[in-house]
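K.L.:
Please read through the structure below; I'll follow up with questions.
The values are calculated or read from the model by the stated rules, or taken from the named source; none is laboratory data. Please read these numbers as outputs of a predicted model, since none were measured by experiment. Cβ coordinates were reconstructed from backbone atoms using ideal geometry, including for glycine residues, and neighbour counts include every protein chain displayed.
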Amino acid sequence: MKRRTFDKLVSYVGLGLAVLLFIFAGLLNFGGGFANENVRTQLANQNIAFPIEAGLPANTKDQLTKWAGKQVVNGEMARDYSDLFILEHMNASATAVMGKPATYSEVSSAYLTAQRSSGTDAAQLQKLSDLRDSLFMGNTLRGMLLQAYAFGMMGVIAGYAAIASLVGGFVFLLLAIAGLMHIRRTPEDATI
C-alpha cells in the first residue's frame with residue numbers, strides 16, 4: 001500500500017472520529033445541563049431548606065453545618081438532607097416509640113400485631129399508628145430526594161464525559177491535521 005494512501009485513510013478516519021466526538025460532547029453537555037437544571041428547578045420548587053445550625057441533629061451536625069440555613073437545590077444537598085437529616089429524625093422517632101431505630105415495615109408489623117391484640121393500650125396503638133405514618137412519609141420524601149441525587153449525579157457524570165469527548169475530539173482533530181500535513185511531505189512512491 002502506498003504511504004500517501006495510508007496517510008489519507010488514517011487522517012480521514014481521524015477527522016471522522018473528531019467530528020463524532022464533538023457531536024458526543026455536545027449531546028453529553030446538553031444532557032448534563034438538562035439533568036442538572038431539572039434537579040435544581042424541581043428542588044427549588046419544593047422549597048426544602050436545612051435549618052440553621054442550632055436546629056441540626058446532634059449526630060450529623062458536623063456533616064450538615066456546611067448546608068445550615070440553605071435551600072436544597074442540587075443532588076448532593078438532596079442526598080445529605082435525606083440521609084443525614086430526615087433519616088436521623090426517623091430514627092429518633094422510632095427510638096422514642098419502639099426503643100430502637102426501626103423501619104416502616106417493622107413499625108407497621110408491630111402496629112398490626114398490636115391492633116389485633118385485645119390487650120393493647122390505646123395510647124400505645126396511637127403512637128405506633130403515628131410513627132407508621134411518619135416513617136411512611138419520611139421514606140417517601142427520602143426516595144424522592146435520593147432520586148434527585150441520582151439524576152444530579154448523572155448530570156455531573158455527563159458533564160465530565162462531555163469534557164472528555166471534547167478533549168478527545170481536539171486530539172483527533174490535531175492528529176488528523178498532522179496526518180494531512182504529512183501527506184504533502186511523503187514521496188509519491190513511498191510504500192508501507
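K.L.:
Mind telling me which of the residues 191, 186, 140 ends up being on the phi < 0 side of the Ramachandran plot, modelled with pLDDT of 95 or more and surrounded by fewer than 17 Cβ atoms within 10 Å (Cβ to Cβ)?
P.N.:
The unique qualifying residue is 140.
K.L.:
Continuing with the same structure: Can you tell me which of 11, 82, 93 is assigned to a helix (DSSP H, G or I), surrounded by 17 or more Cβ atoms within 10 Å (Cβ to Cβ) and either in contact with a Lys or Arg (Cβ under 6 Å, 6 or more places away or on another chain) or among the β-branched types (Val, Ile, Thr) (or both)?
P.N.:
82
K.L.:
Residue under question is residue 73, and the condition is that it be assigned to a helix (DSSP H, G or I) and of a type outside the set (Ser, Thr, Tyr); does it hold?
P.N.:
no
Table: residues versus (1) of a type outside the set (D, E, K, R); (2) within 30 Å of residue 24 (Cβ to Cβ); (3) touching a strand residue (DSSP E or B) at 6+ places or on another chain (Cβ under 6 Å).
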| position | (1), (2), (3) |
| --- | --- |
| 88 | no, no, no |
| 92 | yes, no, no |
| 101 | yes, no, no |
| 111 | yes, no, no |
| 137 | yes, no, no |
| 141 | yes, no, no |
| 160 | yes, yes, no |
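K.L.:
Name the pairs whose Cβ atoms lie under 6 Å apart, with the first residue in segment 51-79 and within 21 Å of residue 35 (Cα to Cα), the second of a type in the set (A, V, I, L, M) and outside any helix (DSSP H, G or I), and 6 or more positions between them or separate chains?
P.N.:
Pairs found: 71/49; 72/48; 78/72.
K.L.:
Using beta carbons and a limit of 8 Å, which pairs, at least six apart or on different chains, have the first residue in segment 86-109 and farther than 18 Å from residue 57 by Cβ and the second one basic (Lys, Arg)?
P.N.:
104/132; 107/132; 108/132
K.L.:
Could you grab me the full set of residues in segment 44-72 that are surrounded by fewer than 19 Cβ atoms within 10 Å (Cβ to Cβ), out of contact with any strand residue (DSSP E or B) (no Cβ under 8 Å at 6 or more places or on another chain) and aliphatic (A, V, I, L, M)?
P.N.:
Matches in segment 44-72: 52, 54, 58, 68.
K.L.:
Here are some residues: 150, 158. Which one is modelled with pLDDT of 95 or more, surrounded by fewer than 16 Cβ atoms within 10 Å (Cβ to Cβ) and closer than 30 Å to residue 39 by Cβ?
P.N.:
150
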